[in-house]
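A quick write-up on the structure given underneath.
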Amino acid sequence: MTHDTDIAMLVEQLNEKQKQISQQLHSGNEQMRGLAKRVWRVQENERKQIARELHDGVGQLLTALINQLQQLQKGDANIGLDESIELARQALSDTRVISRLMRPRILDDLGLVPALEWLVRIMSEPGKAKVELHHQVDTLLESDTQTLAFRVVQEALTNAIKHAQAELITVNVIATDSLLMIKIKDDGIGMQQTTAESSQGFGLGAMRDRVVAFGGQLTINTQPQQGCEIKVLVTGKGIS
């Protein structure tokens, strides 16, 4: 009798363990589907932004250029060739900026630090915020890790300048063989901490999903009118 009872208890324990494993697998699958959906949403938002910049920037410049060339073709003396050339140059410049922001060649050719220095330079153009970059990169990072670091800084700078109206932004990047740490702090308008934690803030969800995909952590400290501080920490093998 005791033997039968022991067997019954063992079977019950095995069934319960199997049930727990099944629930864990289901939960894991749900998390993976959620992450995949968020990554897809990030990609679509990036494509939407690029399309908008091409339409509103380069598209309008090319439309104006076509109109001027048509007027020149008709012999309109009020249209100068120099104006058309300047429009073409501006369209070319805007196209190059969009191309570099999509995937800066310098990131592949020279690495993370030169790419970040270039990013800070173009984001600190006259009329924009002052950006200070401090770095201590003691190792050659893997390509994917470099891309992660670049995108996090790029998104944070874009948010701070366009949405938070920051005047001063400080970027700190530290990298070793087993650690990547990024801190971006601004003096902008900030936001409610609950908004930051819910990933509803501008670009924060995309940033967090990128970091989570690398097994890292992203924390945000912010309050209205008190700026924002974003910290990213990625540890383990595969960084360099």
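At-a-glance table
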{"item": "Of the criteria (1) of a type in the set (A, V, I, L, M, F, W, C); (2) open to solvent by less than 50 Å² (accessible area, probe 1.4 Å); (3) modelled with pLDDT under 90; (4) closer than 20 Å to ARG47 by Cα, which one ALA129 fails", "result": "(4)"}
{"item": "Residue tally, condition hydrophobic (A, V, I, L, M, F, W, C) and at pLDDT 80 or above, over the stretch 66-115", "result": "13"}
{"item": "Any hit, the stretch 170-190, residues being in contact (Cβ under 8 Å) with a residue 12 or more places away in the chain and part of a helix (DSSP H, G or I)", "result": "no"}
{"item": "Matching residues, the stretch 113-136, being under 23 Å from GLN49 (Cβ atoms) and touching a residue at least 12 places away in the same chain (Cβ under 8 Å)", "result": "ALA115, LEU116, TRP118, LEU119, VAL120, ILE122, MET123, LYS128, ALA129, VAL131"}
{"item": "From ASP144, ASP94, residue being open to solvent by 70 Å² or more (accessible area, probe 1.4 Å) and either within 20 Å of LEU180 (Cβ to Cβ) or out of contact with any Pro (no Cβ under 9 Å at 6 or more places or on another chain) (or both)", "result": "ASP144"}
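Residues are listed down the side, and each one gets a yes or a no for (1) open to solvent by 70 Å² or more (accessible area, probe 1.4 Å); (2) touching a helix residue (DSSP H, G or I) at 6+ places or on another chain (Cβ under 8 Å); (3) under 28 Å from LYS128 (Cβ atoms); (4) modelled with pLDDT of 90 or more:
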{"residue": "VAL173", "(1), (2), (3), (4)": "no, yes, yes, yes"}
{"residue": "LYS183", "(1), (2), (3), (4)": "yes, no, yes, yes"}
{"residue": "GLY190", "(1), (2), (3), (4)": "no, no, yes, no"}
{"residue": "ALA196", "(1), (2), (3), (4)": "no, yes, yes, no"}
{"residue": "GLN200", "(1), (2), (3), (4)": "yes, no, yes, no"}
{"residue": "ALA206", "(1), (2), (3), (4)": "no, yes, yes, no"}
{"residue": "PRO224", "(1), (2), (3), (4)": "no, no, yes, no"}
{"residue": "GLU229", "(1), (2), (3), (4)": "no, no, yes, yes"}
{"residue": "GLY236", "(1), (2), (3), (4)": "no, no, no, no"}
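The values are calculated or read from the model by the stated rules, or taken from the named source; none is laboratory data. Values in this document were obtained by computation on a predicted structure and should not be read as measured data. With ideal geometry, Cβ positions are generated from the backbone for all residues, glycine too; neighbour counts draw on all protein chains shown. These area figures cover heavy atoms from the full protein model, side chains too; ligands, DNA and RNA do not enter into them. Shrake-Rupley method; radii C 1.70, N 1.55, O 1.52, S 1.80 Å.
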